[in-house]
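In what follows, a single structure is set out as structure tokens and then discussed.
Each value in this text was obtained by applying a stated rule to the coordinates, not by laboratory testing. The structure displayed is predicted, hence computed values, not measured ones. Here the Cβ positions follow ideal geometry from the backbone for every residue, glycine too, while neighbour counts run over all protein chains shown.
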4 protein chains.
Amino acid sequence: MSNAEIRVAVLGAGGRMGGEAVKAVENAPDMELVAAHGRADERSAILSAGATHIVDLTVPESTEANVRFAVEHGIHAVVGTTGWDAERLQRLEQLLAEHPESGVLIAPNFALGSVLATAFAAKAAQYFESAEIIELHHPQKVDAPSGTAVRTAQLMGQAREAADVAASPDATETALDGARGAEVAGIHVHSVRLRGLVAHQEVLLGSPGEQLTIRHDSFDRASFMPGVLLGLRTVGTRPGLTHGLDGYLDLGL
Amino acid sequence: MSNAEIRVAVLGAGGRMGGEAVKAVENAPDMELVAAHGRADERSAILSAGATHIVDLTVPESTEANVRFAVEHGIHAVVGTTGWDAERLQRLEQLLAEHPESGVLIAPNFALGSVLATAFAAKAAQYFESAEIIELHHPQKVDAPSGTAVRTAQLMGQAREAADVAASPDATETALDGARGAEVAGIHVHSVRLRGLVAHQEVLLGSPGEQLTIRHDSFDRASFMPGVLLGLRTVGTRPGLTHGLDGYLDLGL
Amino acid sequence: MSNAEIRVAVLGAGGRMGGEAVKAVENAPDMELVAAHGRADERSAILSAGATHIVDLTVPESTEANVRFAVEHGIHAVVGTTGWDAERLQRLEQLLAEHPESGVLIAPNFALGSVLATAFAAKAAQYFESAEIIELHHPQKVDAPSGTAVRTAQLMGQAREAADVAASPDATETALDGARGAEVAGIHVHSVRLRGLVAHQEVLLGSPGEQLTIRHDSFDRASFMPGVLLGLRTVGTRPGLTHGLDGYLDLGL
Amino acid sequence: MSNAEIRVAVLGAGGRMGGEAVKAVENAPDMELVAAHGRADERSAILSAGATHIVDLTVPESTEANVRFAVEHGIHAVVGTTGWDAERLQRLEQLLAEHPESGVLIAPNFALGSVLATAFAAKAAQYFESAEIIELHHPQKVDAPSGTAVRTAQLMGQAREAADVAASPDATETALDGARGAEVAGIHVHSVRLRGLVAHQEVLLGSPGEQLTIRHDSFDRASFMPGVLLGLRTVGTRPGLTHGLDGYLDLGL
């Protein structure tokens, strides 16, 4: 065994995100990759490899058992798999109460830039008369708006409501169907689908004489890895459950 | 009388566009402002002032009579007033056939940048898989999408059809109402309304691995004046009717 | 006298900013404009008008005396005038210590969007490998980069240094003079001067596979007025000296 | 042999661009890939494969011999390799005069969007008071500004000079070193280097009250392939030498 304090087992290493995580951990000078598991591997191998941390990038069917196994063995977990509903989260909180030394991060989004953009948009929303969102994605995407845009709009809408901000002014009388976008929590959201793009979002905030634009571009799956590494470096110092990478960012928001 | 060859009477000088035109002509070193007419002034005053050109920025009710008066007296006309339907244009063409020395420019848009942006978008549209338009305006605007966006989409759609370009790819299966914008000639058009903005348009073209964006920002009514001056400088050398300022631009498009 | 609790005297009302402030206060439903002073007016008129607050938008030569006069008479002050060096600030702090009920806000920038953009850029700077700034202004501007860009770069550079972030990667070997911009606190800053623009700034942050862009556009002096009003509404509840409008924003930064 | 009329041999297939070209030709329904040559292969294999076209993506040392071989054997050539100086071009023109049925396209840039962006920028440059260029690239790039930016600036500068446009206004009196960028043909050019980016360029044109922005983003080498295919489809109908892909675009510029 090496002296690295962060000894990582990647679960779901056969998937695209998992493959990126394997590379990222291997390249991190303060970490050691001790195991890279596919679907069929036994969980016990995590222990025999001497892992101190797992990265779970598997599937909704196995993520809960993986994380519980880690917590029960004093291993910290960074989780990017979806499927963590309220019931699962509650069960996990109970388990963590019995293992107060273990830390778990469940993050729906590991792109630091995207997490920051959403936090800034939510913070700024109350200071402008108008707010709209444009999200732009590759044309294979099957849903519109994107989940990130919906969540951003909800947070912005809540912030505006809490601060008693009036609805964005809009004198539109005649419009072609769909021209003004979808409305989410009082925020108009526009979804562009364009060949060549990956995942992009622009939050537009306007007041008399000025505009604030917060844009995030995700060009590549590699953009998630700094967030995974930040999670691995932090999770051991934050016992209990943290939901969302913003909990680890020094945002003071 | 001065020696300026372009002696301009501004009609509709009491309006906002007309007031800008008065200032622009006064500041142009190669022109002389010889008359600035409000609504109630007699057309004969154009003659007594020795005008060689008029700029008509009046109202749909009076523009046709103004222009016909100019043509009949050998005065060139630059026209920004709306209301020139097919019938009026045909009558004007007939009159110009009898006065082959007179030039008339009828321009729905005098912003050079906007005219160029539309021309470029139409030209580029056939070379990309995907094409969408975002237009952004002040929140007092009553219609959506803007007339410029609709016209740009129509020209792009025609160019794509002529070149047998397939529809923009779009795998959307589930969408909130309006998320994907309005569809004009096969082009999705999104309308943003934001306090602080004036009139802006962004044409997005995408192919594998690349994007071309053509954006025009109109911050101020002043943006129309270079186009008015270009019209005045050119109309005397282009007998007959020209529709659209692009006819005077060296676009070779 | 009306019942408005915020009774405002605008000092420097003859200047452009002052004129905007007069309009903004007149239109604010919770304020009353009780005096609008030019340069030559007597300060005592502030008292006779029953002002509870002053807005000082005068000149460096008179701002200190104005503010001291206000503090000594229990009047709160919102100050946009430049020229407050360390010595003046120290003298003001001493005076405020003797008048603990008075509040003073000295704000070099009243555009909420600009203040937010700078705060967000400083907060995000440590999370990205690369950081650069592009500022764009009208071509009459005599200095480059803008003061706002320099200050933003300094705050970003400090944040990156505090977090031990390496210098932005840059393999440039051969460059035309000036191509890579000016360097301020390790951040490359590029200054664009373009007819038609007013004051704009774009902070670019990049990491593998992603980019975060924070852009502020100032189209008009009107953009400063929401900040002035926010200052007037808040200064009475914040005794002592506050430097920078961000001190009044709920940023938690 | 199939019935495809465009039977392509890719030379330099072992390189990154060459590998992309192999894939692109394989996927083109109207083409057949008949050979994919590495560096060490014999040119005679082009003939035995029955190629009607070559794509040369090799190195400056071998491109001239490859192209001359093709021309001498009645094979059309699409060339992306650099190193074609005036002397080489002249020798090739002479050879083509003896083989009037052969077509050769030498293209320094195959990204359609980039070629269009440059053409539009050159065309628009004369209609605006101000013009600047921002180019943004990955931080491994060793030169600044990019070759594309320099060429775009030169074309814009020539167009402005030909139209007697005054220099862009600029009142800068005091500037930090480099803040105003590099000057190429009277156009200020700014070079941003940012992790996460690939190759991007923004041409900014400004006049009173308006701005025209022409931006091209190259996210991926795949962006060159539509241009390579367009070249292959067109070169057989354009005997002689064409320099630059814009010669094949229906730009009328």
Review point. Which of the lysines could be linked to C:K23 by a straight reach, that is with a Cα gap under 19 Å, when you skip same-chain ones fewer than 8 residues away?
Key: none
Revision key, fill the gap. Any residue on another chain or 5+ positions along whose placed amide H is under 5 Å from the amide H of C:H37 is listed here as C:V10, C:L11, C:G12, C:A13
Review point. How many nanometers, to one decimal and shortest first, lie between the label point of C:D30 and those of its other copies, if labels sit 7 Å from Cα toward Cβ?
Key: 4.5, 5.7, 6.8
Point to revise | Euclidean distance between Cα centres, the stretch D:82-111 to the stretch A:1-78, Å | key: 56 Å
Review point. Assuming a viscosity of 1.567 mPa s and a temperature of 4 °C, what translational diffusion coefficient in µm² per second does Stokes-Einstein assign to chain B, Rh being the Kirkwood radius over Cα pairs?
Key: 66 µm²/s
Point to revise | Label geometry 7 Å along the beta-carbon vector: B:Q140 inter-copy distances in nm | key: 2.4, 4.7, 5.3
Check your understanding: Which percentage, to the nearest 5, of the DSSP beta bridges contained in the stretch D:112-219 is antiparallel?
Key -> 75 percent
Point to revise | Nearby lysines by direct alpha-carbon distance to B:K123 (threshold 25 angstrom, same-chain neighbours under 8 apart not counted) | key: D:K123
Revision key, fill the gap. As a Kirkwood estimate from alpha-carbon pairs, the stretch B:112-219 has a hydrodynamic radius in angstrom of 14.2 Å
Check your understanding: Using 7 Å Cα-to-Cβ label points, what is the D:T237/C:Q158 separation (nm, one decimal)?
Key -> 6.4 nm
Point to revise | Number of partner chain Cβ atoms within 10 Å, mean per residue of A:220-233 | key: 3
Check your understanding: Residue by residue through the stretch C:174-190, which ³J(HN,Hα) values in whole Hz follow from phi under the Karplus form 6.51 cos²θ - 1.76 cosθ + 1.60 (θ = phi - 60°), with glycine and proline marked x?
Key -> 10, 9, 5, 3, x, 4, 8, x, 8, 10, 10, 6, x, 9, 6, 10, 10
**Study point:** Using θ = phi - 60° and Karplus 6.51 cos²θ - 1.76 cosθ + 1.60, couplings along the stretch A:228-239 (whole Hz; Gly, Pro as x)
**Key:** 5, 5, 4, x, 4, 6, 9, 4, x, 9, 10, x
**Study point:** Relative contact order, percent, chain C [alpha-carbon distance under 8 Å, six or more residues apart]
**Key:** 22 percent
Practice item. Return a whole-number percent for the relative contact order of the stretch D:112-219, with Cα pairs under 8 Å and 6 or more residues apart as the contact set. Key: 41 percent
Revision key, fill the gap. Residue-ordered couplings for the stretch B:4-19, obtained by feeding phi - 60° into the Karplus form 6.51 cos²θ - 1.76 cosθ + 1.60 and rounding to whole Hz (Gly and Pro as x), are 4, 7, 9, 10, 10, 9, 9, 9, x, 5, x, x, 5, 5, x, x
Exercise for review: Shortest first and in nm with one decimal, please list how far the B:G244 label point sits from its counterparts in the other copies (point 7 Å along Cα→Cβ).
Suggested key: 2.5, 5.0, 5.2
Point to revise | Estimated dipole of the stretch D:39-186 in Debye, rounded to 20 [Cβ of Lys and Arg +1, of Asp and Glu -1, Cα centre] | key: 340 debye
Review point. Based solely on its DSSP helices, what 222 nm [θ] is calculated for chain C when runs of n ≥ 4 H residues each add -39,500 (n - 2.57) and the sum is averaged over all residues, nearest 500 deg cm²/dmol?
Key: -10000 deg cm²/dmol
Study note, to complete from the structure: Quick calc, the stretch A:1-107, dipole around Cα centre from Cβ unit charges on Lys, Arg (+) and Asp, Glu (-), nearest 20 debye, gives 220 debye
Revision key, fill the gap. Taking Cα pairs closer than 8 Å and at least 6 residues apart, the relative contact order of the stretch B:92-160 in percent is 36 percent
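Based on alpha-carbon atoms only, what is the radius of gyration of the protein assembly as shown relative to the globular estimate 2.2 N^0.38 Å?
1.05
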Practice item. Would you mind ranking D:D220, A:D56 so that the residue whose beta carbon has the fewest other beta carbons within 10 Å leads the list? Key: D:D220, A:D56
